[in-house]
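First comes the structure, then the notes that go with it.
The values are calculated or read from the model by the stated rules, or taken from the named source; none is laboratory data. In this text, all values refer to a predicted model and were calculated from it rather than measured experimentally. Backbone-built Cβ (ideal geometry, glycine too); neighbour counts: all protein chains shown. For accessibility, only protein heavy atoms count, side chains too; no ligands or nucleic acids. Shrake-Rupley method; radii C 1.70, N 1.55, O 1.52, S 1.80 Å.
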Amino acid sequence: MSNNSLVSISDFSKDEILELLEDARRFEENPNQNLLSGKVVATLFFEPSTRTRLSFETAINRLGGRVIGFSDASTSSSSKGETLHDTIMMVSNYADLIIMRHYLEGAARYASEFSPVPIINAGDGANQHPSQTMLDLYSMYKTQGTLDNLTITMVGDLKYGRTVHSLLMAMYYFKPRFNFVACEELKMPVEYKIFCEKHGIEYHEYTDFSADVINETDILYMTRVQRERFTDLMEYERVKNLYTLRNSMLEGSKDNLRILHPLPRVNEIAYDVDKNPKAYYFKQAQNGLYARQAIICKVLGIK
Ligand code: CP
């Protein structure tokens with residue numbers, strides 16, 4: 001990890017990821033620890049969020065730190081034309097760490113290049129969402145007992161979904177096999193397929209969400225079609241409901257299959273799936289608290 005910021009999941013080595021998973025496990029055993037006493041953390045959300053912001057803020061509160069920031073950029077001086085540069089410089093006068101979500105790809109990287117305090121990327125456009133990836137890895141490790149040699153099926157918006165992009169990059173350490181299920185308009189971008197090819201990662205692309213694909217899967221990673229990324233809303237309307245997981249589709253699935261979703265869901269998972277023991281998405285979101293406690297301590301150099 002360079003300059004202590006977390007911008008992309010590739011900022012972490014395999015050893016760092018494994019250490020963070022162990023730290024998350026310890027935080028799950030004991031989430032209330034006074035490790036951030038005297039620290040102030042800023043959460044700057046230029047895009048909406050429920051889970052990421054609230055779990056980061058819960059993590060800070062449970063570690064004894066204090067939180068400043070905004071959840072709606074229209075209430076900040078960016079609405080008066082203040083640049084991201086100046087906002088970061090200002091907030092770094094007040095806080096020991098900045099956690100930011102921004103609609104522009106590369107915004108967190110840019111901020112990390114001049115910020116006097118570490119930056120955690122809480123999502124930048126369609127690019128990366130590395131703290132989500134840590135909680136996804138933690139959820140996979142807890143439910144599968146390993147991260148190695150898993151068959152992971154990603155379904156839905158693979159073009160704009162930053163969570164699948166980050167997860168794909170992180171899994172390269174663990175010899176995965178991927179199925180990408182998406183319509184033509186929302187296929188996995190070519191740069192991520194090149195990444196797989198360069199690192200010898202097996203992947204298969206499908207437009208059908210078939211029983212054959214579900215039945216060979218260990219982790220079924222459903223995603224929402226990201227309405228906010230479309231410039232043509234007619235196109236969004238055409239593709240928004242193409243893939244919906246229903247309970248009946250899980251009848252032949254493996255016992256160890258777990259269904260993940262970064263949430264929020266819209267229509268991708270029918271409500272009848274929620275009671276299936278293989279549905280793990282709400283627990284996955286809870287795991288975000290422990291994974292984010294581990295990340296905050298790491299970027300602040302707290303053992
Ligand atoms: N998974 C996720 O990023 O959720 P929020 O948009 O609610 O933070």
(request) For segment 95-156 and segment 23-46, compute the distance between their C-alpha centroids and round to whole Å. (result) 16
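Work the Kirkwood hydrodynamic radius out for segment 12-72: mean of 1/r over every pair of different alpha-carbon atoms, inverted, in Å. Write out the running numbers ahead of the final one.
On the way: mean 1/r = 0.0778 Å⁻¹.
For segment 12-72, the Kirkwood estimate is 12.9 Å.
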(message) How are the alpha carbon pair distances in segment 184-225 distributed across 10 Å bins from zero to the largest one, expressed in percent?
(response) 21, 50, 29
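Roughly what percent of Cα-Cα pairs across the chain reach past 34 Å?
On the way: 8878 of 45753 pairs.
That tail contains 19 percent of the Cα-Cα pairs.
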(request) For the chain, give the magnitude of the charge dipole about the Cα centre (Cβ charges: +1 Lys/Arg, -1 Asp/Glu; no others), in debye to the nearest 20. (result) 740
(message) Placing +1 on the Cβ of each Lys and Arg and -1 on the Cβ of each Asp and Glu in segment 130-285, which of Ser248, Thr217, Pro277 has its Cα farthest towards the positive end of the resulting dipole?
(response) Pro277
(request) Kindly state, to the nearest 0.05, the FRET efficiency for Tyr94 paired with Lys14, given R0 = 30 Å and r defined as their beta-carbon distance. (result) 0.30
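Considering only the other residues whose Cβ falls under 12 Å of the Cβ of Lys254, what net charge follows from Lys and Arg at +1 and Asp and Glu at -1?
Details: positive: Arg258, Lys278; negative: Glu216, Asp218, Glu251, Asp255.
Net charge in that neighbourhood comes out at -2.
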(message) How much accessible area per residue does segment 1-50 have, counting only protein heavy atoms and a probe of 1.4 Å, in square angstrom?
(response) 47
(message) As a test of the formula, what do you get for the chain when each DSSP H run with n ≥ 4 contributes -39,500 (n - 2.57) and the sum is divided by the residue count, at 222 nm and rounded to the nearest 500 deg cm²/dmol?
(response) -10500 deg cm²/dmol
(request) Take segment 1-120, compute every pairwise Cα distance, and split them into 5 Å bins from 0; I just need the percent in each bin. (result) 2, 10, 18, 23, 23, 14, 6, 2, 1
(request) Mind counting lysine pairs for me in segment 130-285? Cα separation below 15 Å, and the two need to be 8 or more apart along the chain or on different chains. (result) 10
(message) Give me, ordered by chain and number, the residues 5 or more places off Glu205 or on other chains with an amide H under 5 Å from its own placed amide H.
(response) Phe180
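What do you get for Rg/Rh of segment 130-285 when both radii come from the Cα atoms and Rh is the Kirkwood radius? Provide the component values of the computation, followed by the final result.
Details: Rg = 14.5 Å, Rh = 15.6 Å.
With Rh from the inverse mean 1/r over Cα pairs, Rg/Rh is 0.93.
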(request) Provide the per-residue ³J(HN,Hα) series for segment 104-120, in order, calculated from phi with Karplus coefficients 6.51, -1.76, 1.60 and θ = phi - 60°, each as a whole number of Hz, with x at glycine and proline positions. (result) 9, 5, x, 4, 5, 4, 4, 4, 5, 6, 10, 5, x, 10, x, 10, 10
